[in-house]
Amino acid sequence: MPPVKADDNLELMDVTPALATQWLKTMAANRKLNETHVERLAEDIRRGDWRQTFDPVRFNRKGELVDGQHRLSAIVACGKTVPLYVARNLDPRAMAVIDTGRARSVADVLQINGVKNARKLAAAAKSIHYYDLGRLASSGPAVSFAQLQRTMKAHPFLGDAVQRVVQNGVIQPHAQLAMVYCLAHEKHARKAEEWIEALQEGENIGRGNPAFELRKRLLGMRGGAGATTQIRGPAVAAMIINSWNLYLTNRTDVTASELLWRNTRATADDEFPTVR
């Protein structure tokens, strides 16, 4: 694509990895490079999810790069050419206000588009994204809006799952419950409905029922009567998955410890549970 000039200071250019590398060498003092953000941008470019905006790469009057290091680093990382707007001759004083606003989150974008329970849905989609990658039991790279869009498209029941769990404000965490409920519903819809209803309502179930044992544990984590030790992160998701898997087998003699991932009988190399 040949350069398209809007005026003397702004043009649209095809930025090659070689050109991006050259520009990065001119960079003025800037914030520390966020490698995770670079990889997220690079992955979007690789997958064809990159979306052009009018936000340009910026150079000051000295020809120094003052904004765009993450985009340019992503172009270098993925080895692909990307069209970018390029602004030149920026007043040095403008550096103080570049990127000082709060960036829109995935939840912000969903909410702008009128999606219900946007923040809960974004969190649940992120959980499923990591689960699909086999990374739920460890920290993973940041997730872009394009990646979460793909996840929500691959799991169309997720929006309904989020709405169902949010309607019951007592049993939490909503995002991880919605993740497991959605994945279970995709395989065993009727049984998944029984499980989520038993878990949320607590009716016609007693000790030994996987839904009862999970309900008791989750309520205890919220600091109510009989509160339990706080469990966080992947361990909570594993506990929810274990409850569903045991419920699917119609067990009625489950103990609370069986819900735990890497419990006292487990070994350090026990794999993270998967939704059956």
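Overview of results
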quantity: Segment 139-161, subset of a type in the set (A, V, I, L, M) and within 11 Å of I128 (Cβ to Cβ), residue nearest to the chain's Cα centre (by Cα); calculated: V143
quantity: Criterion: at pLDDT 80 or above, under 18 Å from A178 (Cβ atoms) and not in a loop (DSSP other than H, G, I, E, B) - qualifying residue of L214, L246; calculated: L214
quantity: Some residue of segment 131-149 being polar (S, T, N, Q) and either farther than 29 Å from I45 by Cβ or buried (at least 22 other Cβ atoms within 10 Å of the Cβ) (or both); calculated: no
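The values are calculated or read from the model by the stated rules, or taken from the named source; none is laboratory data. Please read these numbers as outputs of a predicted model, since none were measured by experiment. Here Cβ is always computed from backbone atoms with ideal geometry, including for glycine, and neighbour counts include all displayed protein chains.
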